[in-house]
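Asker: Shown below is the structure under consideration.
The values are calculated or read from the model by the stated rules, or taken from the named source; none is laboratory data. Note that this is a predicted model, so its numbers are computed, not measured. Neighbour counts are summed over all protein chains in view; Cβ atoms, including those assigned to glycine, are modelled from backbone coordinates with ideal geometry.
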Amino acid sequence: MSFVPLVPFSGYAGYMFLKRTLTAQQAAFSATPEVTRDEDYFRQKIGSVKTAEDLVGDRRLLGVALGAFGLDGDINNKFFLKKVLQDGTLNPDALANRLGSKEYLAFAKAFGFGDFSVPNTQLSDFPDQIISAYKARSFEAAVGQQNDDMRLALNAERELKALAQKSSSDETKWFTVMGSAPLRSVFEKALGLPSGFGALDLDQQLSIFRYKASRAFGDSRIDQFSEPEAMQKLVRTFLIRSEVLSGASSISPAAMALQLLQSR
């Protein structure tokens with residue numbers, strides 16, 4: 001990818017610069033030849049895809065499809081991807097429902113090969129949905145080449161906003177966070193959880209996540225992150241803590257900011 005995002009500073013100050021210039025940078029990214037060629041090809045070909053085998057058999061289409069869900073690294077795992085798609089999501093024993101990563105569940109649900117007699121690839125608005133997600137994830141990946149913490153922060157803002165708007169229970173939303181490696185990374189670092197935390201029983205993890213979130217943000221619910229103030233505090237705490245843990249001095253501005261956040 002020839003596009004290089006402009007990220008002149010690290011930490012929260014750098015993220016604020018990125019946010020101020022986000023619209024312009026995303027537009028420049030979307031206009032690159034690589035992205036426009038992928039978009040054109042996907043729009044032209046996806047309507048002819050009616051089975052999971054059709055999708056995994058076209059590497060270029062599959063690349064866009066996987067990119068929309070952050071699953072780019074699986075592009076060579078065709079048998080596995082075909083099984084995920086063919087099983088669908090309606091059966092509790094479907095492969096996507098048994099995998100720890102919730103990205104596969106979203107992938108299978110979006111295409112609908114195993115859930116409906118007519119897959120979602122035949123819907124008129126389907127290309128727009130996938131291409132929009134592909135551009136967002138791909139731009140975040142480009143940012144991650146410059147600063148991975150900022151990639152994680154952008155992903156968290158996008159994913160948590162969508163998750164908070166869902167009608168599912170708060171417990172289900174927390175399990176979605178726990179099953180998403182990027183979201184989990186943000187919360188674990190923002191809440192000061194140790195590296196071995198993921199080895200605990202899932203119910204214990206859920207209880208600790210809720211307790212820590214309540215202490216840090218005044219509310220244990222995922223829905224709070226639909227509010228800009230809560231989202232900003234989560235991202236700010238994550239970035240500051242990450243900067244401190246990366247080797248900043250204990251009396252650095254980042255460390256002092258973290259102490260102030262923790263004392264509130």
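Asker: Checking the structure you have, find out if any residue of region 132-145 is in contact with an Asp or Glu (Cβ under 7 Å, 6 or more places away or on another chain), surrounded by fewer than 21 Cβ atoms within 10 Å (Cβ to Cβ) and modelled with pLDDT of 95 or more. Even if it seems obvious, please write down each step before you answer.
Answerer: First, the residues of region 132-145 that are in contact with an Asp or Glu (Cβ under 7 Å, 6 or more places away or on another chain): none.
Looking through region 132-145, none of the residues is in contact with an Asp or Glu (Cβ under 7 Å, 6 or more places away or on another chain), surrounded by fewer than 21 Cβ atoms within 10 Å (Cβ to Cβ) and modelled with pLDDT of 95 or more.
Asker: Out of all the residues in region 43-60, which are buried (at least 21 other Cβ atoms within 10 Å of the Cβ) and over 13 Å from Leu81 (Cα atoms)? Steps first, please.
Answerer: Kept after step one, since they are buried (at least 21 other Cβ atoms within 10 Å of the Cβ), are these residues of region 43-60: 46, 49, 52, 55-56.
Those that are buried (at least 21 other Cβ atoms within 10 Å of the Cβ) and over 13 Å from Leu81 (Cα atoms): Ile46, Val49.
Asker: Could you list all residues from region 216-240 that are of a type in the set (D, E, K, R), surrounded by 15 or more Cβ atoms within 10 Å (Cβ to Cβ) and not in a loop (DSSP other than H, G, I, E, B)? Break it down into steps so the answer makes sense when it comes.
Answerer: Of region 216-240, the ones of a type in the set (D, E, K, R) are 219, 221, 223, 227, 229, 233, 236.
Then drop every residue that is not surrounded by 15 or more Cβ atoms within 10 Å (Cβ to Cβ), which leaves 221, 223, 233, 236.
Selection gives Asp223, Lys233, Arg236.
Asker: Still on this structure: Taking helices (runs of 4 or more DSSP H) that fall entirely within region 1-94, which contain at least 1 residues that are more than 22 Å from Leu152 (Cβ to Cβ) and among the acidic types (Asp, Glu)?
Answerer: Here the list reads 33-45, 52-56, 78-87.
Asker: Which numbered condition in (1) in contact with a helix residue (DSSP H, G or I) (Cβ under 7 Å, 6 or more places away or on another chain); (2) assigned by TED's automatic domain parsing to the domain that holds Phe17; (3) on the phi < 0 side of the Ramachandran plot is the only one that Gly88 fails?
Answerer: It fails just one condition, (3).
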